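The next block holds one structure in the form of structure tokens; read it before the comments.
The values are calculated or read from the model by the stated rules, or taken from the named source; none is laboratory data. Quick caveat, the model's predicted, so the values are computed rather than measured. In this analysis, Cβ positions are derived from the backbone assuming ideal geometry, glycine residues included, and neighbour counts consider all displayed protein chains.
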Amino acid sequence: MKKTVFIALLLCAAQLAKADEGMWLPYLLGQQVYNDMVKKGLKLTKEQLYSINKSSVKDAIIIFGGGCTGEIVSNEGLIFTNHHCGYDAIATASSVENNYLKNGFYATSKQMEIPSQGLSVQFLVKVEDVTPQIEAAAKGLTGAERAAAIQKATAEITAKAVTAPYQEARISPLFKANQFLMYVYERYNDVRLVGTPPESIGKYGGDTDNWEWPRHTGDFSVFRVYTGKDGKPADYATDNVPLKPKHFLPVSIKGVKENDYAMIYGYPGGTNRYETSYGVKLKTDIENPYTVNLRDVRLKYMFEEMKKDPAVKLQLASSYAGIANYWKFFDGESKQLIKYDVYGDKQKQEAAFNTWAKGKPEYETIFPQYDALYKKWTPYAKLRVYLNEGIFGSPLAAFASSLMQVENAIAKKAGVKEALAAAEKAREAFLKKENKPSDLKILAATAMMYYNDIPKDQHPIGFYESLKKYGGLDDEKTYRTWAASVFANTMIFDDAKWKAFVAQPDNVKLQDDPAYAYASAFVKNYTSKYAPMYNQFVAGNNELGRLYLKGVIEREPTKSRYPDATFTMRLSYGTVKPYKPRDAVSYDYVTTITGVMEKYKKDDYEFDLPAKLMDLYAKKDFGQYKDIKRNDLVVGFITTNDITGGNSGSPVINGNGELIGLAFDGNYEALSHKIQFDPVLNRTICVDVRYVLWCIDKLGGATNIINELKIVK
């Protein structure tokens, strides 16, 4: 099939999916999809949604940090995003004396706004289809050769696309690398914290309520992006000025009702909805359950220390939140994949494909090759999970492993000075975040788990034999004693030893360090034996996935499809809707502050509340943000929109293009969404913008922020 015809099929197919399912490319929005959006309540034109030459909704949508979405909500560069997206910046800005994470913070003037070093935002400038150039470079190639050719072509194409030092170009493969789009962004590095609710609001419900509905979390934070005086991106400077955006979102406080139109713009991180039955089985049998078990251990020991000391809680807060978030996701994903027999569904789809593929040389051997590929790698898949989530689950071991760059530089006698400088900077950052009591227990526990759970022939040669001097290898005490020795003797914690090593770098000294000896033993074991196997597995999977999806589209060219999420701008649309998760249980589409109070537990780690919130509630002081119909303050609502990780902080927009909420979570009953969308149970959990504004205004007293917004009543 000619390439131009194939791309046409992709774009045609991408116009036909069910309304609520699909993360659409706003720059390639098909007429049929747009018509359905209008039918559901959209009042904007296509050009108002996405335009190259004029301001449009897309100009208000940003990549926030490294993995979230944010939106511009004022003509002075004000940003709304989720609390958990701003969590690290809030924690970094906090101290025991000024604990913004615990107590909240609102800048009542621009001079009070707090610089967030290392935090940046990116605006999308343009998108270009570069499939013809990529395919020309990779013509006739497969596997590793094709991947290398694509990488080379990508570097050449993106280099030509960048016209300013603050611009970045990235090429995203879509439809399993059957199509390639180039995205050009502008990065802004001066981002400042403007406001955050107390953690007891921004993270209300903690891990207990994570991924759950009903939800009562005020998951928002407020930042501002600054530019140089010329209006262009610039590094932080005191005389920088607020960004004058091309577009910002008005904020509606009219409220939501059932069946209202809801549109979500953002940067969903990744889905794999064209995954095979082999991939589903690997995930449910090995990758997810062992990841959950290893994270259990890390969270247990971190939480023990966080409860003891507010300073430790602040120190570990960001790391703990990140680990816990996807601990629960992986657990729920496995349960939903098994409950709805996604493995069986995939097998049926593959059987139909194989019947069609008979006699077609390009496709008929795909699944025999898949079978061989997974059989070869599966015996070692658990080892890789234990390395990443277990061995490197110890912050000390993870940092120690990074010193392999120093070892390599010393061995090559090249770049030693640069490697040491990077290591010194990394060590400084590591020590600020390091909590020794929890890490020591993690180090001991994960080393023992690896010993017990990974086949002995996959162990680093000689490592566990070296621990016998501390006791029996089946005894937990042995590993605790060994871990204590590592912590006591590593130069990583000893400034004098570290300085001596930096002054006279020597690989014998480095290899004798107990923390480095431990980490490097596992890394070298993996890289020498198993990394090549994994790389072959990934390359084979990618190539077979590309061919499989190409064949699927050829077989059913008009069937509804959309590209997997790739952390590129997408929009999804749906409606505000309740749902019934199981027999005799019905969930409303909104939650209220009355429900917040029903969950309240004094001094509880997850369900405590600020005294001022309870006082305002007692007075029913909800101001202009009250929902008249319910005579209450709405906290959250749910929609049928299709989102995934990366959409955190995404704006929920009504049919007029106005902000009505912030997306922040999915529901537990549909956590199979990365692999299979559930059209019945899938819901996006959103914080109502009225609750956001109430927290800023009534609770925080920051009327200056409210006055900056364009509020639609």
Sole miss for Gly574 among (1) outside any strand (DSSP E or B); (2) of a type outside the set (Phe, Trp, Tyr); (3) in contact with a Ser or Thr (Cβ under 9 Å, 6 or more places away or on another chain); (4) surrounded by 17 or more Cβ atoms within 10 Å (Cβ to Cβ) is condition (1)
Of the conditions (1) part of a helix (DSSP H, G or I); (2) of a type in the set (A, V, I, L, M, F, W, C); (3) modelled with pLDDT of 95 or more, the single one that Ala429 does not satisfy is (3)
Out of (1) closer than 30 Å to Lys39 by Cβ; (2) crowded, with 20+ Cβ neighbours inside 10 Å; (3) in contact with a strand residue (DSSP E or B) (Cβ under 9 Å, 6 or more places away or on another chain); (4) not hydroxyl-bearing (Ser, Thr, Tyr), the one Leu671 does not meet is (3)
Of those in the range 647-661 that are of a type in the set (A, V, I, L, M) and out of contact with any Gly (no Cβ under 6 Å at 6 or more places or on another chain), the residue surrounded by the fewest Cβ atoms within 10 Å (Cβ to Cβ) is Leu659
Flagged in the range 74-98 as among the aliphatic types (A, V, I, L, M) and farther than 14 Å from Gly195 by Cα, in numbering order, are Val96
Pairs returned, first residue in the range 519-532 that is more than 17 Å from Pro455 (Cβ to Cβ), second residue that is of a type in the set (Ser, Thr, Tyr) and part of a helix (DSSP H, G or I), beta-carbon separation under 9 angstrom, 6 or more apart or interchain, are Ala519/Ser401; Ala519/Ser402; Ser520/Ser401; Val523/Ser401
Checked the range 321-336 for anything at pLDDT 90 or above and either out of contact with any Phe, Trp or Tyr (no Cβ under 7 Å at 6 or more places or on another chain) or not in a helix (DSSP H, G or I) (or both); matches are Ile323, Phe330, Asp331, Glu333, Ser334, Lys335, Gln336
Condition set basic (Lys, Arg) and surrounded by 18 or more Cβ atoms within 10 Å (Cβ to Cβ), scope the range 190-249, selection nearest to Pro578 (Cα to Cα): answer is Arg215
Filtering the range 635-644 down to residues that are in a loop (DSSP other than H, G, I, E, B) and among the polar types (S, T, N, Q) yields Thr640, Asn641, Thr644
Every listed condition ((1) among the aromatic types (Phe, Trp, Tyr); (2) over 29 Å from Pro437 (Cβ atoms); (3) modelled with pLDDT under 95) holds for Tyr265 save (3)
Every listed condition ((1) touching a residue at least 40 places away in the same chain (Cβ under 8 Å); (2) under 16 Å from Ile696 (Cα atoms); (3) part of a helix (DSSP H, G or I)) holds for Asp615 save (1)
Margin query: Scan the range 316-331 and tell me whether some residue there is under 24 Å from Gly86 (Cα atoms), in contact with a His (Cβ under 8 Å, 6 or more places away or on another chain), in contact (Cβ under 8 Å) with a residue 12 or more places away in the chain and of a type in the set (A, V, I, L, M).
Written below: yes
Subset of the range 624-642, residues charged (D, E, K, R) and closer than 30 Å to Arg273 by Cα, comes to Asp642
All-but-one check, Tyr236 against (1) within 30 Å of Leu373 (Cα to Cα); (2) touching a residue at least 60 places away in the same chain (Cβ under 8 Å), failing number (1)
Residue hits (the range 558-571; of a type outside the set (Val, Ile, Thr), part of a loop (DSSP other than H, G, I, E, B) and under 30 Å from Thr69 (Cα atoms)) are Ser560, Arg561, Tyr562, Pro563, Asp564, Ala565, Phe567, Met569
Per the filter on the range 357-371, residues part of a helix (DSSP H, G or I) and either of a type in the set (Phe, Trp, Tyr) or more than 32 Å from the chain's Cα centre (by Cα) (or both) are Ala357, Phe367, Pro368, Tyr370
Among residues of the range 618-634 being assigned to a loop (DSSP other than H, G, I, E, B) and within 33 Å of the chain's Cα centre (by Cα), the residue surrounded by the fewest Cβ atoms within 10 Å (Cβ to Cβ) is Lys626
Note on the range 436-484: residues basic (Lys, Arg) and in contact (Cβ under 8 Å) with a residue 60 or more places away in the chain are Lys441
Exactly one of Gln347, Gln336 is under 17 Å from Leu282 (Cβ atoms), touching a helix residue (DSSP H, G or I) at 6+ places or on another chain (Cβ under 6 Å), in contact (Cβ under 8 Å) with a residue 60 or more places away in the chain and polar (S, T, N, Q), and that residue is Gln347
